[in-house]
Amino acid sequence: MTFICKLLFLFCALIQVIFAVTPQRTIGYQKDDPVLVECAELDDIGKEVIDSQGEYVYKPMPNCIETRKPFALTYGSDLVLQCSLREFDSFYLHLEISARMDKPLRCRIAASKDINPTYIPLFLHFQQTSDAGRFVKLITNFNSIFHYRAGFISAGSIYSGNV
């Protein structure tokens, strides 16, 4: 019996070496780490772009004027963020289309800092005030809430509202 156990152990060790099986290591966020927000790319009529495999095409939000970095939330911190966008940036135009169509913008954040993370979906719904002709005035104050534990985000929501 012990010979069979030793043989089985040796076989498992060989399989592990041959297939280079390594345990999956996950990397959680630390307090104040940036959590990048990516949003689905939109075409000229506001339809989400889908790749050849049927997946949405995501890209990081544009750089904020204040930080010159893509918009990111701050893990584990309760603070006010400001991110101004250039008026005619393609993303700004996507916000306008989204508001006019009364359709939320499909976005996502990584649940962890892994190389191939799981993503948490976020839907940004932009409320607007009166539409005076071709201009749309968006309510630009957003609140967010995220559930996390030990460096990993499990769920979240971002919604617009007045301060």
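The values are calculated or read from the model by the stated rules, or taken from the named source; none is laboratory data. None of these values were measured; they are calculated from a predicted model. Here the Cβ is made from the backbone with ideal geometry for all residues, glycine too, and neighbour counts use every protein chain on show.
The residues on offer are Ser52, Ser84, Ser90, and the sole one that is hydroxyl-bearing (Ser, Thr, Tyr) and under 20 Å from Ser144 (Cα atoms) is Ser84.
Before we move on, is Gln24 exposed (fewer than 14 other Cβ atoms within 10 Å of the Cβ), farther than 22 Å from Cys107 by Cβ and at pLDDT 90 or above? Spelling it out, it is not the case that Gln24 is exposed (fewer than 14 other Cβ atoms within 10 Å of the Cβ), farther than 22 Å from Cys107 by Cβ and at pLDDT 90 or above.
Scanning the range 71-121 for residues being hydroxyl-bearing (Ser, Thr, Tyr) and within 16 Å of the chain's Cα centre (by Cα) gives a total of 5. Elements of the type strands (runs of 3 or more DSSP E) sitting completely within the range 28-101 and holding at least 1 residues that are closer than 18 Å to Lys113 by Cβ, acidic (Asp, Glu) and out of contact with any Asp or Glu (no Cβ under 7 Å at 6 or more places or on another chain): these cover 34-40. Any residue in the range 42-51 that is within 16 Å of the chain's Cα centre (by Cα) and under 18 Å from Tyr159 (Cα atoms)? The answer is no, given that none of the residues of the range 42-51 is within 16 Å of the chain's Cα centre (by Cα) and under 18 Å from Tyr159 (Cα atoms).
Determine, yes or no, whether Glu66 is within 17 Å of Ile158 (Cβ to Cβ), acidic (Asp, Glu) and in contact with a Cys (Cβ under 7 Å, 6 or more places away or on another chain). Judged against the criteria, Glu66 is not a match.
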